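This report refers to the structure that appears directly beneath it.
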Amino acid sequence: MIKFFRHIRKSLLEKNKMGKYFKYAVGEILLVVIGILIALQINNWNEKKSEKDKLNEYLVAFKEEVKGNIGRLERAEDRSDVAIQRTKNLIRVMNSDSAKYLSSKDLYARSNFVGPVTKIELFSSVYKDLINSGTLKTLEESSLKRRIFQMEREFENYDEIVVSAKKIWDDFLLPYYHEHQNVLGVWNNARKEEAIPITAFNNDMDAFVNNRKYTNILTSRIFQLTNIKVIANYMKVDYDKLIEDIDTYLADE
(Lines give C-alpha, C1' and ligand atoms only; values in the text may rest on other atoms or scores of the structure.)
Protein backbone atom coordinates (compact mmCIF):
# COMPACT_ATOMS: atom_id res chain seq x y z
CA MET A 1 0.00 0.00 0.00
CA ILE A 2 2.85 2.40 0.83
CA LYS A 3 4.58 1.55 -2.48
CA PHE A 4 1.32 2.24 -4.32
CA PHE A 5 0.99 5.76 -2.84
CA ARG A 6 4.69 6.39 -3.45
CA HIS A 7 4.27 5.38 -7.10
CA ILE A 8 1.38 7.85 -7.55
CA ARG A 9 3.38 10.71 -6.03
CA LYS A 10 6.38 9.92 -8.24
CA SER A 11 4.21 9.75 -11.34
CA LEU A 12 2.64 13.16 -10.61
CA LEU A 13 6.04 14.73 -10.04
CA GLU A 14 7.44 13.29 -13.23
CA LYS A 15 4.48 14.67 -15.20
CA ASN A 16 5.00 18.04 -13.47
CA LYS A 17 1.45 18.09 -12.21
CA MET A 18 2.23 20.08 -9.05
CA GLY A 19 -1.35 21.14 -8.36
CA LYS A 20 -2.63 17.60 -8.40
CA TYR A 21 0.43 16.52 -6.41
CA PHE A 22 -0.27 18.96 -3.59
CA LYS A 23 -3.96 18.00 -3.53
CA TYR A 24 -2.98 14.38 -3.40
CA ALA A 25 -0.46 15.05 -0.62
CA VAL A 26 -3.06 16.87 1.43
CA GLY A 27 -5.52 14.04 0.91
CA GLU A 28 -2.91 11.53 1.97
CA ILE A 29 -2.20 13.50 5.14
CA LEU A 30 -5.90 13.65 5.91
CA LEU A 31 -6.15 9.88 5.49
CA VAL A 32 -3.25 9.42 7.89
CA VAL A 33 -4.83 11.79 10.44
CA ILE A 34 -8.20 10.05 10.14
CA GLY A 35 -6.48 6.69 10.61
CA ILE A 36 -4.75 7.94 13.74
CA LEU A 37 -8.01 9.34 15.13
CA ILE A 38 -9.81 6.08 14.47
CA ALA A 39 -7.00 4.14 16.16
CA LEU A 40 -7.14 6.46 19.19
CA GLN A 41 -10.90 6.11 19.35
CA ILE A 42 -10.68 2.33 19.25
CA ASN A 43 -7.97 2.39 21.92
CA ASN A 44 -10.07 4.72 24.09
CA TRP A 45 -13.11 2.45 23.65
CA ASN A 46 -11.05 -0.58 24.63
CA GLU A 47 -9.76 1.19 27.74
CA LYS A 48 -13.27 2.21 28.79
CA LYS A 49 -14.54 -1.32 28.22
CA SER A 50 -11.66 -2.70 30.28
CA GLU A 51 -12.44 -0.24 33.10
CA LYS A 52 -16.13 -1.14 33.03
CA ASP A 53 -15.32 -4.86 33.06
CA LYS A 54 -13.06 -4.28 36.07
CA LEU A 55 -15.79 -2.27 37.82
CA ASN A 56 -18.34 -5.01 37.16
CA GLU A 57 -16.00 -7.64 38.62
CA TYR A 58 -15.51 -5.50 41.72
CA LEU A 59 -19.26 -4.95 42.11
CA VAL A 60 -20.00 -8.68 41.90
CA ALA A 61 -17.43 -9.40 44.64
CA PHE A 62 -18.58 -6.36 46.63
CA LYS A 63 -22.18 -7.57 46.51
CA GLU A 64 -21.15 -10.87 48.10
CA GLU A 65 -19.24 -9.01 50.81
CA VAL A 66 -22.30 -6.87 51.56
CA LYS A 67 -24.44 -10.01 51.82
CA GLY A 68 -21.95 -11.43 54.32
CA ASN A 69 -22.14 -8.23 56.36
CA ILE A 70 -25.94 -8.39 56.46
CA GLY A 71 -25.60 -11.80 58.09
CA ARG A 72 -23.07 -10.44 60.59
CA LEU A 73 -25.29 -7.48 61.43
CA GLU A 74 -28.15 -9.90 62.10
CA ARG A 75 -25.87 -11.74 64.52
CA ALA A 76 -25.00 -8.43 66.20
CA GLU A 77 -28.71 -7.68 66.59
CA ASP A 78 -29.48 -11.12 68.01
CA ARG A 79 -26.53 -11.04 70.39
CA SER A 80 -27.46 -7.55 71.61
CA ASP A 81 -31.07 -8.58 72.07
CA VAL A 82 -30.06 -11.54 74.25
CA ALA A 83 -27.76 -9.30 76.31
CA ILE A 84 -30.55 -6.74 76.73
CA GLN A 85 -33.00 -9.35 77.98
CA ARG A 86 -30.47 -10.78 80.43
CA THR A 87 -29.65 -7.31 81.73
CA LYS A 88 -33.33 -6.47 82.14
CA ASN A 89 -33.87 -9.69 84.04
CA LEU A 90 -30.93 -8.89 86.32
CA ILE A 91 -32.35 -5.42 87.04
CA ARG A 92 -35.76 -6.94 87.74
CA VAL A 93 -34.41 -9.57 90.13
CA MET A 94 -31.98 -7.31 91.98
CA ASN A 95 -34.72 -4.73 92.62
CA SER A 96 -37.50 -7.15 93.55
CA ASP A 97 -39.02 -7.50 97.01
CA SER A 98 -37.33 -10.88 97.42
CA ALA A 99 -33.88 -9.58 96.39
CA LYS A 100 -32.79 -9.23 100.01
CA TYR A 101 -32.95 -13.00 100.33
CA LEU A 102 -30.53 -13.63 97.45
CA SER A 103 -27.34 -15.46 98.33
CA SER A 104 -23.84 -14.77 96.99
CA LYS A 105 -24.23 -17.85 94.82
CA ASP A 106 -27.41 -16.39 93.32
CA LEU A 107 -25.54 -13.17 92.59
CA TYR A 108 -22.71 -15.08 90.91
CA ALA A 109 -25.10 -17.07 88.75
CA ARG A 110 -27.05 -14.03 87.56
CA SER A 111 -24.17 -11.59 87.08
CA ASN A 112 -22.32 -14.18 84.98
CA PHE A 113 -24.92 -13.62 82.27
CA VAL A 114 -24.06 -9.92 82.06
CA GLY A 115 -20.51 -9.90 80.75
CA PRO A 116 -18.35 -8.01 78.26
CA VAL A 117 -19.75 -6.79 74.93
CA THR A 118 -17.91 -8.36 72.02
CA LYS A 119 -17.79 -6.74 68.61
CA ILE A 120 -18.80 -8.68 65.50
CA GLU A 121 -16.38 -7.44 62.86
CA LEU A 122 -17.69 -6.54 59.42
CA PHE A 123 -16.00 -7.52 56.17
CA SER A 124 -14.38 -4.59 54.35
CA SER A 125 -11.48 -5.90 52.21
CA VAL A 126 -13.35 -5.75 48.87
CA TYR A 127 -14.81 -2.36 49.77
CA LYS A 128 -11.37 -0.91 50.52
CA ASP A 129 -9.93 -2.35 47.30
CA LEU A 130 -12.83 -0.89 45.32
CA ILE A 131 -12.29 2.59 46.81
CA ASN A 132 -8.48 2.56 46.57
CA SER A 133 -8.39 1.18 43.02
CA GLY A 134 -9.98 4.32 41.58
CA THR A 135 -12.34 2.14 39.57
CA LEU A 136 -15.37 4.09 40.80
CA LYS A 137 -14.38 7.04 38.60
CA THR A 138 -16.00 5.18 35.70
CA LEU A 139 -19.30 5.01 37.59
CA GLU A 140 -21.62 7.89 36.84
CA GLU A 141 -23.17 9.85 39.70
CA SER A 142 -26.05 7.77 41.02
CA SER A 143 -27.66 6.38 44.19
CA LEU A 144 -25.31 3.39 43.85
CA LYS A 145 -22.21 5.59 43.89
CA ARG A 146 -23.53 7.63 46.82
CA ARG A 147 -24.34 4.51 48.84
CA ILE A 148 -20.89 3.07 48.23
CA PHE A 149 -19.12 6.21 49.40
CA GLN A 150 -21.30 6.64 52.50
CA MET A 151 -20.41 3.12 53.68
CA GLU A 152 -17.19 4.35 55.24
CA ARG A 153 -19.14 6.62 57.58
CA GLU A 154 -21.48 3.73 58.43
CA PHE A 155 -18.48 1.57 59.36
CA GLU A 156 -17.24 4.38 61.62
CA ASN A 157 -20.66 4.82 63.27
CA TYR A 158 -20.92 1.09 63.92
CA ASP A 159 -17.43 1.01 65.47
CA GLU A 160 -18.16 4.04 67.69
CA ILE A 161 -21.42 2.58 68.99
CA VAL A 162 -19.88 -0.82 69.77
CA VAL A 163 -16.96 0.88 71.55
CA SER A 164 -19.44 2.88 73.67
CA ALA A 165 -21.22 -0.34 74.64
CA LYS A 166 -17.92 -2.04 75.50
CA LYS A 167 -16.94 0.90 77.71
CA ILE A 168 -19.91 0.26 80.02
CA TRP A 169 -18.30 -3.03 80.96
CA ASP A 170 -14.69 -1.88 80.88
CA ASP A 171 -15.13 1.45 82.69
CA PHE A 172 -18.10 0.82 84.99
CA LEU A 173 -19.33 -2.75 85.50
CA LEU A 174 -15.98 -4.52 85.81
CA PRO A 175 -14.53 -1.95 88.26
CA TYR A 176 -17.80 -2.12 90.22
CA TYR A 177 -17.53 -5.90 90.51
CA HIS A 178 -13.90 -5.61 91.59
CA GLU A 179 -14.88 -3.19 94.33
CA HIS A 180 -17.99 -4.90 95.70
CA GLN A 181 -17.84 -8.55 94.72
CA ASN A 182 -15.66 -11.55 95.47
CA VAL A 183 -14.47 -11.99 91.89
CA LEU A 184 -12.80 -15.27 92.77
CA GLY A 185 -16.21 -16.62 93.68
CA VAL A 186 -17.54 -15.55 90.28
CA TRP A 187 -14.67 -17.39 88.60
CA ASN A 188 -15.23 -20.60 90.52
CA ASN A 189 -18.98 -20.46 89.96
CA ALA A 190 -18.53 -19.98 86.23
CA ARG A 191 -16.28 -23.04 86.03
CA LYS A 192 -18.72 -25.14 88.07
CA GLU A 193 -15.86 -26.19 90.28
CA GLU A 194 -13.50 -24.74 92.85
CA ALA A 195 -10.68 -24.04 90.44
CA ILE A 196 -8.93 -21.85 93.00
CA PRO A 197 -9.37 -22.29 96.77
CA ILE A 198 -12.20 -20.01 97.85
CA THR A 199 -11.35 -17.07 100.08
CA ALA A 200 -13.30 -15.67 102.97
CA PHE A 201 -14.09 -12.44 101.14
CA ASN A 202 -17.77 -11.63 101.15
CA ASN A 203 -19.83 -9.86 98.53
CA ASP A 204 -21.19 -6.46 99.41
CA MET A 205 -24.79 -7.40 98.68
CA ASP A 206 -26.01 -3.88 99.47
CA ALA A 207 -24.04 -2.71 96.42
CA PHE A 208 -26.27 -4.87 94.21
CA VAL A 209 -29.65 -5.28 95.89
CA ASN A 210 -31.98 -2.30 95.40
CA ASN A 211 -28.93 -0.20 94.61
CA ARG A 212 -29.39 2.87 92.44
CA LYS A 213 -25.82 3.08 91.16
CA TYR A 214 -25.71 -0.56 90.06
CA THR A 215 -29.13 -0.28 88.44
CA ASN A 216 -28.08 2.87 86.57
CA ILE A 217 -24.98 1.14 85.21
CA LEU A 218 -27.07 -1.79 84.00
CA THR A 219 -29.61 0.61 82.47
CA SER A 220 -26.83 2.42 80.60
CA ARG A 221 -25.73 -0.95 79.29
CA ILE A 222 -29.23 -1.51 77.91
CA PHE A 223 -29.17 1.89 76.19
CA GLN A 224 -25.86 1.15 74.48
CA LEU A 225 -26.87 -2.37 73.43
CA THR A 226 -30.07 -0.92 71.98
CA ASN A 227 -27.95 1.51 69.94
CA ILE A 228 -26.12 -1.47 68.44
CA LYS A 229 -29.46 -2.96 67.39
CA VAL A 230 -30.54 0.37 65.87
CA ILE A 231 -27.38 0.92 63.82
CA ALA A 232 -27.32 -2.72 62.74
CA ASN A 233 -30.91 -2.55 61.51
CA TYR A 234 -30.26 0.76 59.72
CA MET A 235 -27.21 -0.68 57.96
CA LYS A 236 -29.10 -3.83 56.95
CA VAL A 237 -31.84 -1.76 55.30
CA ASP A 238 -29.26 0.38 53.53
CA TYR A 239 -27.30 -2.70 52.40
CA ASP A 240 -30.47 -4.26 50.96
CA LYS A 241 -30.97 -1.13 48.85
CA LEU A 242 -27.30 -1.19 47.90
CA ILE A 243 -27.63 -4.75 46.60
CA GLU A 244 -30.70 -3.69 44.58
CA ASP A 245 -28.71 -0.82 43.04
CA ILE A 246 -25.84 -3.15 42.16
CA ASP A 247 -28.21 -5.65 40.54
CA THR A 248 -29.88 -2.86 38.55
CA TYR A 249 -26.54 -1.50 37.35
CA LEU A 250 -25.20 -4.91 36.33
CA ALA A 251 -28.44 -5.78 34.53
CA ASP A 252 -28.14 -2.65 32.40
CA GLU A 253 -24.56 -3.35 31.39
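Here Tyr176 sits with roughly 10 square angstrom of accessible surface, probe radius 1.4 Å.
The simple spin-label model puts a point 7 Å past each Cα toward its Cβ; for Asn132 and Tyr234 those points are separated by 2.8 nm.
Report the extension gain between Phe149 and Asp106 in nm, rounded to one decimal, defined as 0.36 nm multiplied by the number of residues separating them, less their alpha carbon distance. Provide the component values of the computation, followed by the final result.
Working: separation 43, 0.36 × 43 = 15.48 nm, distance 5.01 nm.
Net length gain for the segment: 10.5 nm.
In terms of distances greater than 26 angstrom between alpha carbons, the cross-link table entries Lys54/Lys145; Lys100/Lys167; Lys63/Lys229; Lys67/Lys128; Lys52/Lys229; Lys100/Lys229 yield Lys100/Lys167; Lys52/Lys229; Lys100/Lys229. Just so you know, the Rg over Rh for region 92-156 is 1.46, from Cα atoms, with Rh as the Kirkwood radius.
For labels at Glu156 and Ser98 in the simple 7 Å Cα→Cβ model, what's the distance in nm? The modelled label-to-label distance comes out at 5.1 nm. Estimated at 0.36 nm per residue, the fully extended path between Asp204 and Lys54 surpasses their Cα-Cα distance by 47.6 nm.
The values are calculated or read from the model by the stated rules, or taken from the named source; none is laboratory data. Predicted, not measured: the structure shown is a model, and the values here were computed from it. Positions of Cβ are backbone-derived with ideal geometry, glycine not excepted, and every protein chain shown enters the neighbour counts. Calculation scope for accessible area: heavy atoms of the full protein, side chains included, ligands and nucleic acids excluded. Shrake-Rupley method; radii C 1.70, N 1.55, O 1.52, S 1.80 Å.
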